[in-house]
Structure formats: C-alpha cells, structure tokens
Amino acid sequence: MKGGYDHYMQKEINEQPDSVLQTMRGRVKFDQKPKAMDPSWDPYHEKRITLGGLVDRISTIRSGRRIMFIACGTSFHACLACRQTMEELAELPVSLELASDLLDRRAPIFRDDMCVFVSQSGETADTLKALEYAKERGALCIGVTNTVGSAIARSTHCGVHINAGCEIGVASTKAYTSQMVALTMMGLALSEDSIRLRSKRNSIIDALGVLPDQIREVLKLDAEMLSLAEQLKEEQSLLVFGRGYNYATALEAALKVKEVALMHSEGILAGEMKHGPLALVDELLPIIVIATRDRMYQKMLSVVQQLLARGARLIILCNSGDSEMKEICASGGSRLIKVPETVECLQPIINIVPLQLLSYHLTVLRGYNVDQPRNLAKSVTVS
Ligand code: F6R
C-alpha cells in the first residue's frame, strides 16, 4: 500500500512528479510542430490548454465581474499561490476567501461573480456551505477537487478534477501541487485569445512540460532535508519568510511543520517584517527565507541582509547557481537549500517540495504520528 515507503505522507511527497503529470495529462498540448504544407498553421496556437469541464464556460468566466477563490487550509494556500497568475492571465480582479470567514461575514456575492471552490476531499463542510451560499446568490460555481463524485464536485456548475490520485496522509502534499497546476491551467485557458499574453503563456506551458523532471530533481534533496531536520528537531519554533508568489509557500510550509511535526511555525509576509516580526529575530530562532529568482528577488536579498545584520540564524531557499546569494550568506554561516529555477508562477510548486520533506523528517525525528496527526481528520465534514 505504501509502495516501499514508511508513511503515506512520504509516498505522496515522492509521487509528485507523476501526480502533476496526471493533472496535465490530455489537457496541455506542448508540441510546436511546424506543418510546412499547411498555410493556416499558427505556431502560437499549437500550445494550448483544454479543460473539458470548463470549455463551455470560458467566455462566461471571462465576462464575469471578478473571480473569487474560496477554500480552507492547504487548498486556500494553493489559491493564494495562484492569485497573481490568475490576475495576470485572466485580467480580472481575483479575491480570496477562507470559507469559514466568508460565511462568518456573510460577504457579498453577486450573480456575475465567478466562484472557484478548491478542495482536495470535495467534502469540507465550510467550503460546501460557502458553495450553497454562493449558489443561492446566483454566482457561477466552479469546483477544483481531487475526488470524483464528492459533494463539491457534484454541487458545482462545472469544474476541473485535479487527478492527483488518492491522498491518504492527513497532511495534504501532492494535492497542493496539483491544485496549483490546475489553477495555472485555468488561467492559461482563460487567456487563450490574448495576443499580448502569448509569449508569457507559451513560456508557462513550456515550463509545465519540464515541471515533473524538476520535481524529480528537487526530491533528491531528501538527505539534505533529513540533515536539516536533525539540526532543527529540538527547536520550539520556526519562522518562514516569503513574499509575492512565495508568500503562500511560507504559509504552507509553516502549516506542514505545525500540523505534523507539532512545532510552532509561522509563515510571514516578508514585506511585513518591520511591522512586528523583526522583534522576534535573534541568534537562536531558526528562520527559513524563500528567495528564489522572481520579481521579488531584490527585495528578498535586502530582507536576508537585514536579518543577517541582526545575527539571525537563516536557512535560505534559493535557486541553484545563485552566486550572489551564496556570497552574501558565506559570511553569515547560513544554510542554503538550492532548487531548480522555473517561471516565477510555477516556482512555488518546486519550492514547497523540500519544505514538505523537511516537515516529514522533523515529524519522524520528533516521534510523532506522520499520517494521522493528533486531533486532525483528513476530511473536515463538520464546521
Ligand atoms: C493541511 C490540510 C488541511 C486541508 C483543509 C481543506 O495539510 O490538509 O488544511 O487542506 O482541511 O481540505 P480540503 O482541501 O479537502 O477541502
């Protein structure tokens, strides 16, 4: 059942090269084959995304007033990671709602809102209630689930199955990366007609093509993450700093450490550092800084420098071959986690993998139950 692994969580982390491929299978057309004899051949349209469950709804979604992502926990983090991608590709306002908070506030939803409900199980009570609430208000409800026939899959008007395969470990891992792939594909499908976005779309599609191999590459960091976990296993707390696309990575890494390793951990938006969190920084508290090369890189370099100036104990997640970061960190004695580079909207998919491995090893070393953390259930069917 566990395919030679000790725990389901470990198996599911290692399945990700295949699960993301399953999410894309039959939906992403990568090839750019010149058809010399065909005068109607358009090279740009060779790269395309077909989401069967959404094809009839694409123009309705495009003409909506806004896209609203609604989810809980890790699924919410997947929405957060893809918000900017969706804003940039769909060119619509995108809002994010934690299902419980949306219901607590009875937030306004309108007929021309496009509500996207993201849920691995498809049975989460708050997400399901938020779905009923949005339906009553006449919004188009789109499901992004991993469970065919689940309540959310059945009750939404249309949707996308992420096809990540059964996830048994309570901590969501492979569903998270597949949700991000599915939401990115949705953004690509919504932008198909945009000439202005063609080259951006093509580079994302090219990057999706090599994503499984890049995840395979990053899984090789397992021994390194075990040694980092050895170093951190007695700690009380672990902070994770990120911003931009990787704010979600910081929140998700902290959630994993909290829920399975039972260690206090907090994901912090690096842009908020000076508005409070900086007071926590000393020579003892371990801090992971996510500083891969994207639009936020220069700002993250400055965060690293400011933290080092206060003697912080840093673990920096950066791209392989980042000599600038290597140089800055050499003097501070920081530890580097080096990951392959991809387009910035897919980088969170690569970045979370070593942090999933870290939380897995921390849990085993601390002697806790990996697949069934105390007090938690895989599917939260009561509010
Ligand atoms: C964390 C985790 C939870 C779920 C949340 C929503 O690892 O698994 O935070 O993400 O309970 O569950 P779904 O996605 O099934 O709606």
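The values are calculated or read from the model by the stated rules, or taken from the named source; none is laboratory data. These numbers come from a predicted model, not from an experiment. Positions of Cβ are generated from backbone atoms using ideal geometry, with glycine treated the same way; all protein chains shown enter the neighbour counts.
Below, the figures for the structure above:
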item	result
Residue list for the stretch 258-276, filter: modelled with pLDDT of 95 or more and either part of a strand (DSSP E or B) or among the aliphatic types (A, V, I, L, M) (or both)	260, 261, 262, 263, 264, 265, 266, 267, 268, 269, 270
Residue that is modelled with the lowest pLDDT [pool: residues in the stretch 201-213 that are charged (D, E, K, R) and surrounded by fewer than 16 Cβ atoms within 10 Å (Cβ to Cβ)]	206
Qualifying residue in the stretch 213-236 (condition: over 30 Å from residue 333 (Cα atoms) and touching a residue at least 24 places away in the same chain (Cβ under 8 Å))	yes
Residue 78 vs. criteria buried (at least 20 other Cβ atoms within 10 Å of the Cβ), farther than 30 Å from residue 343 by Cα and of a type outside the set (Lys, Arg)	no
Selection count where residues are within 16 Å of the ligand (Cβ to nearest atom), farther than 17 Å from residue 30 by Cα and in contact (Cβ under 8 Å) with a residue 40 or more places away in the chain, scope the stretch 164-198	17
Single residue of 316, 328 found to be in contact with a Ser or Thr (Cβ under 6 Å, 6 or more places away or on another chain) and of a type outside the set (D, E, K, R)	316
Residue in the stretch 56-103 that is farthest from the chain's Cα centre (by Cα), counting only those that are more than 16 Å from the ligand (Cβ to nearest atom), in a helix (DSSP H, G or I) and among the β-branched types (Val, Ile, Thr)	60
Selection within the stretch 253-276 - more than 16 Å from the ligand (Cβ to nearest atom) and either under 16 Å from residue 353 (Cβ atoms) or without any contact (Cβ under 8 Å) to a residue 12 or more places away in the chain (or both)	272, 274, 275, 276
Options 330, 250, 279: the member that is in contact (Cβ under 8 Å) with a residue 12 or more places away in the chain, assigned to a helix (DSSP H, G or I) and of a type in the set (Gly, Ala, Ser)	250
Residues within the stretch 104-152 that are outside any loop (DSSP other than H, G, I, E, B), touching a strand residue (DSSP E or B) at 6+ places or on another chain (Cβ under 7 Å) and within 12 Å of the ligand (Cβ to nearest atom), tallied	10
Inter-residue pairs, beta-carbon under 7 Å, first part of a loop (DSSP other than H, G, I, E, B) and in the stretch 365-383, second within 11 Å of the ligand (Cβ to nearest atom) and among the acidic types (Asp, Glu), 6+ apart	373/259; 376/259; 379/123; 381/123; 383/126
Hits in the stretch 157-168 (condition: crowded, with 24+ Cβ neighbours inside 10 Å and either in contact with a strand residue (DSSP E or B) (Cβ under 8 Å, 6 or more places away or on another chain) or over 18 Å from residue 21 (Cα atoms) (or both))	159, 160, 162
Leading residue by the ranking (nearest to residue 212 (Cα to Cα)) among those in the stretch 129-150 that are among the hydrophobic types (A, V, I, L, M, F, W, C) and crowded, with 21+ Cβ neighbours inside 10 Å	144
Sole exception among (1) within 16 Å of the ligand (Cβ to nearest atom); (2) without any contact (Cβ under 8 Å) to a residue 60 or more places away in the chain; (3) not acidic (Asp, Glu) for residue 356, by number	(2)
